[in-house]
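Report on the structure given below.
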């Protein structure tokens, strides 16, 4: 029993050391990361919406760097914690359970990398375009000038990314749960699953029909692809046996 507490203590120390090293490294490059979070938003750069940023307190810029460093460090340490959790639980898991956890971890790494590219190149520009086109019009008789605070812009970027990231985690867990179920159960309860996906899409997508449709459509496609691979894998196992 004591050896498990010792192992937990060692893994916690490793995680904290990893976070500390990441924090120092990322803080050194925090200025370039801040530039990256701004210039990845093509919508505001191409339309010259943001030509400069302001900060209203002498400490604003410093705390923005700290928040940026802390959030990037936590995001990377998340995968480290996930990896150590799997390694710690491995001796007490069945082969099938360990396979699903390992599969989810690898899938999470790949999908999060793709999601980061998709968010910064497509989704962030779309969200920025939506908010700027609601009330902001350059041809208005009343001149409206937007001066972005660097700290508030980073908080907008952070909250938007985290909200989509959490929704993505729920979606990945939902697909993992579906892959754990029996194929016959999935086929018989397809209508219930479609209705559950519709409710989930309604909760996690913005309140308009267009985004609801695309969220629902993407989840249905992922579900059908997952079901197709499960059926194909079962048939291949039957042929090989």
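The values are calculated or read from the model by the stated rules, or taken from the named source; none is laboratory data. Everything numeric in this text was worked out from a predicted model, so none of it was measured. Cβ coordinates were reconstructed from backbone atoms using ideal geometry, including for glycine residues, and neighbour counts include every protein chain displayed.
Quick check, is residue 85 over 23 Å from residue 170 (Cα atoms), in a helix (DSSP H, G or I) and either in the same structural domain as residue 30 (by TED's automatic domain parsing) or at pLDDT below 85 (or both)? Before the answer, list the steps.
Values: over 23 Å from residue 170 (Cα atoms): no; in a helix (DSSP H, G or I): yes; either in the same structural domain as residue 30 (by TED's automatic domain parsing) or at pLDDT below 85 (or both): yes.
No, not satisfied.
Residues checked against (1) under 21 Å from the mean Cα position of the chain (by Cα); (2) over 30 Å from residue 58 (Cβ atoms); (3) modelled with pLDDT of 75 or more; (4) not assigned by TED's automatic domain parsing to the domain that holds residue 61:
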{"residue": "102", "(1), (2), (3), (4)": "yes, yes, yes, no"}
{"residue": "108", "(1), (2), (3), (4)": "yes, yes, yes, no"}
{"residue": "134", "(1), (2), (3), (4)": "no, yes, no, no"}
{"residue": "137", "(1), (2), (3), (4)": "no, yes, no, no"}
{"residue": "141", "(1), (2), (3), (4)": "no, yes, no, no"}
{"residue": "144", "(1), (2), (3), (4)": "no, no, no, no"}
{"residue": "148", "(1), (2), (3), (4)": "no, no, yes, no"}
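Here is a list: 217, 170, 210. Which entry is modelled with pLDDT of 75 or more and under 25 Å from residue 125 (Cα atoms)? Even if it seems obvious, please write down each step before you answer.
Working: 170 fails: modelled with pLDDT of 75 or more; 210 fails: modelled with pLDDT of 75 or more.
Answer to the check: 217.
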Problem - Residues satisfying the stated conditions in segment 83-104, i.e. out of contact with any helix residue (DSSP H, G or I) (no Cβ under 6 Å at 6 or more places or on another chain) and under 22 Å from residue 19 (Cβ atoms) - result: 83, 85, 87, 88, 89
Fill in the blank from the handout: For segment 1-23, pairs from a residue that is more than 27 Å from residue 72 (Cα to Cα) to a residue that is in a helix (DSSP H, G or I), with Cβ under 9 Å and 6 or more apart or across chains, are 4/88
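Does residue 127 count as surrounded by 16 or more Cβ atoms within 10 Å (Cβ to Cβ), touching a strand residue (DSSP E or B) at 6+ places or on another chain (Cβ under 7 Å) and modelled with pLDDT of 75 or more? Break it down into steps so the answer makes sense when it comes.
Values: surrounded by 16 or more Cβ atoms within 10 Å (Cβ to Cβ): yes; touching a strand residue (DSSP E or B) at 6+ places or on another chain (Cβ under 7 Å): no; modelled with pLDDT of 75 or more: yes.
Considered against the rule, which asks whether it is surrounded by 16 or more Cβ atoms within 10 Å (Cβ to Cβ), touching a strand residue (DSSP E or B) at 6+ places or on another chain (Cβ under 7 Å) and modelled with pLDDT of 75 or more, residue 127 comes out as no.
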